[in-house]
1. Suppose the chain between residue 46 and residue 32 were pulled fully straight at 0.36 nm per residue; how much longer would it get relative to their current alpha carbon spacing?
2. What order do you get for 35-42, 46-53, 22-29 when each peptide is scored by the mean count of other beta carbon atoms within 10 Å, highest first?
3. Once you place label points 7 Å from the Cα toward the Cβ at residue 20 and residue 55, how far apart are they in nm?
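Quick note: the coordinates plus some simple rules give every number you see, no bench work behind them. What you see is a predicted model; the values in this text were computed from it and never measured. Here the Cβ positions follow ideal geometry from the backbone for every residue, glycine too, while neighbour counts run over all protein chains shown.
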Amino acid sequence: MARSRDARRLNRHSKGSTIIQVMIFLLGLGFVLWVAVNMAIDYRCKASPSKPVCQERSPVWRYFTSKE
């Protein structure tokens with residue numbers, strides 16, 4: 001039994017990721033990397049808070065818990 005042209009087109013387009021899926025994945029990846037970098041900087045600043053990178057920053061959790 002031959003497949004209809006619509007069925008073949010649907011199958012061909014359903015392979016791979018859509019642009020929306022890629023954008024959501026990249027957004028999530030960016031958020032995870034942002035949190036990881038900020039946590040790494042916070043960890044380094046606990047050991048020696050006199051470093052220049054530590055002078056003008058606050059902990060990463062400030063972004064989620066501030067009541068401003």
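1. On the way: separation 14, 0.36 × 14 = 5.04 nm, distance 2.12 nm.
This chain segment gains 2.9 nm when fully extended.
2. Details: 35-42: 13.5, 46-53: 8.5, 22-29: 10.6.
Ranked by mean Cβ neighbours within 10 Å, highest first: 35-42, 22-29, 46-53.
3. So the label points at residue 20 and residue 55 sit 4.8 nm apart.
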